[in-house]
Each structure stands twice: as structure tokens, then as C-alpha cells.
1. Please compute the length gained on full extension between E180 and L21, using 0.36 nm multiplied by the number of residues separating them and subtracting their Cα-Cα distance.
2. With labels modelled as points extended 7 Å from the Cα through the Cβ direction, what inter-label distance (nm, one decimal) is found for R171 paired with R227?
3. Taking the solvent-accessible surface of protein heavy atoms with a 1.4 Å probe, what is the per residue accessible area of region 78-211 in Å²?
4. For region 162-216, which whole-number percentage of the solvent-accessible area (1.4 Å probe, protein heavy atoms only) is attributable to carbon and sulfur atoms?
5. Label D109 and I215 with points 7 Å out from Cα along Cα→Cβ: what is the distance between them in nm?
6. Where in region 156-221 are there GluC sites (Glu not before Pro) that are in a DSSP coil and have at most 14 other Cβ atoms within 10 angstrom of their Cβ?
7. Where does each of 83-91, 38-46, 119-127 land if you order them by average Cβ count within 10 Å, highest first?
Amino acid sequence: MGSEIIGLHDWLKTPPGCYMLDWERGRFDEAVADIFGYHALQLGLAELPGLQNNRIPHRWLATHAVAEPQDADLQSERATLVTDFAALPFSESSLDLLLLPHALDHSPDPHATLREVERVLVPEGKVVIAGFNPMSLWGLRQSRGHLYRRMGIGGSYLPEMGGMIGYWRLRDWLRLLSFEVESVQFGCYRPSVRSEAWLNRFAWMEAAGERFAPILGAVYFVVAVKRVRGMRLMGPRWKVPKALANAPVPIANRDANRHGNHST
């Protein structure tokens with residue numbers, strides 16, 4: 001690739017892009033399988049049909065531009081919206097599930113996008129986020145690539161993006177917006193090589209990374225729940241049995257009343 005700056009959709013066709021997509025597809029399929037509701041939305045990354053394993057009846061894919069590629073598997077999403085991710089065309093508390101596969105990485109204002117997600121999610125609704133981890137071999141090479149590109153002696157490894165958002169920073173943002181992180185996974189531990197042959201040679205690093213350095217995966221995968229303070233889910237109201245009219249009543253100082261108190 002030289003010093004070329006490659007876009008996301010072109011990068012996803014490369015060996016590391018396919019490797020990442022394969023890992024994330026499995027994580028999304030697991031995460032959404034048992035999430036129920038009426039409306040679900042995926043923000044971007046048409047190459048990854050994140051809602052295909054979900055049974056919510058009304059599903060949409062939102063993109064930034066009409067020119068974004070359409071995957072045949074996304075026909076199950078039923079509708080594609082062209083919209084600004086920071087100004088979604090949905091009313092407040094109207095969606096049960098949102099998927100953000102690298103939407104924050106490529107958003108010009110990721111915090112505004114996350115605030116919009118909080119606005120449209122119902123209480124107890126879920127958001128699933130995948131993002132590049134700057135504290136990884138891929139993130140390190142990307143940072144070095146930016147420096148080399150300025151010097152005219154190399155290029156970036158990952159696609160062009162607004163900036164990688166670290167997991168702990170994302171966790172702080174979620175907490176400020178009243179989200180509770182339900183689960184987090186890291187994946188893609190193979191080094192930042194470009195060829196499929198070299199990626200296959202380093203397949204052993206998957207198990208080693210998960211065991212010895214789990215937070216250093218190239219990608220993180222977060223599931224969070226929107227909590228609303230002061231709200232409590234009510235269960236069925238059980239009938240309280242009526243008190244019996246002839247129920248025995250305890251008598252205080254029973255022994256004293258039995259013998260009686262004689263006045264003089």
C-alpha cells in the first residue's frame with residue numbers, strides 16, 4: 001500500500017480486514033441472539049450483517065452515504081437509512097437495540113454520536129460497540145504509521161479514521177451517560193502483518209493473547225445497558241390475604257391478668 005491512505009471499505013477487503021470481520025461477526029451473532037424488542041438499528045459497516053442473528057421484527061441499517069456498499073446478507077435489515085449518526089431520525093426512547101461496529105472510530109464527533117444513542121434507546125435497551133484498540137500491536141503500528149507518513153517514508157496500517165477511542169475512555173463516556181457495561185471482550189491478537197499467509201502463521205497468538213494479555217487485542221467488543229435512575233421495573237401485584245376478624249390477639253402481661261390484681 002506504500003504511503004497510500006486507505007478507506008474503511010477498501011481496507012475490509014484486505015487480509016487483516018477479513019480476519020477482523022470474521023472475528024466480529026461471531027461476537028455480534030452471540031451478543032444479539034437473545035435480545036428482544038421491536039426496533040433495532042445498526043450504524044454503518046454494511047459489510048457486517050450484525051443483526052442477522054436477531055429476531056427483532058423492525059431492523060434498519062444507517063449509513064453516512066448512499067455510495068456505501070451493500071452486502072447481500074443485509075437484505076434482512078429491510079431498510080437502509082442515510083443519516084447523520086449524531087442526529088438520528090428516531091424519537092426519544094424508541095429503539096431497543098443499537099449496534100455500533102466501528103461507528104465511533106470513524107465519527108467526526110464520537111461523543112455526540114454516543115449521546116444520540118442514549119437519547120433514542122429505551123430504558124434497559126442495549127448498545128453493542130466494536131472499536132479498534134489503540135493499546136495493541138495494530139494500534140502501535142498505526143501510531144507509528146502516522147509519524148512515518150508525515151516523513152514520507154511509509155503509510156498507515158489501519159484505515160483512515162477520526163481516531164481510535166481507547167476502551168477505558170469509552171467506558172468513562174458510557175458511565176457519564178448512565179450506561180452500565182454488561183460485558184467486554186478483546187480479540188484479534190495476531191500482529192500487524194498484511195498478508196494472509198503471515199496472519200495464518202501467527203494463529204497461535206490467539207490463544208496466547210487471550211490467556212496472557214487479554215486487554216491487548218486489536219479490537220474490543222462492548223455490550224452496555226442504558227440505566228435510568230429512579231426507575232424500577234414492577235412485577236405482578238400479588239393479592240394480600242385479608243386479615244381474619246377472629247384472629248387471636250396477643251395479650252400483654254398474661255400471667256398478671258390470670259391471677260388478678262386485688263385492690264385494698
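1. In short, 54.7 nm is gained.
2. 1.4
3. 49
4. Carbon and sulfur together cover 57 percent of it.
5. Here the modelled spin labels are 3.1 nm apart.
6. Passing both the DSSP loop test and the Cβ count: E160.
7. Numbers: 83-91: 15.4, 38-46: 22.9, 119-127: 19.1.
Answer by packing, highest mean first, reads 38-46, 119-127, 83-91.
The values are calculated or read from the model by the stated rules, or taken from the named source; none is laboratory data. What you are looking at is a predicted structure, and each value in this text was computed from that prediction instead of being measured. No Cβ is skipped: glycine too gets one built from the backbone with ideal geometry, and neighbour counts run over all protein chains shown. Quick note on the areas: whole protein, heavy atoms, side chains included, nothing else; ligands and nucleic acids left out. Shrake-Rupley method; radii C 1.70, N 1.55, O 1.52, S 1.80 Å.
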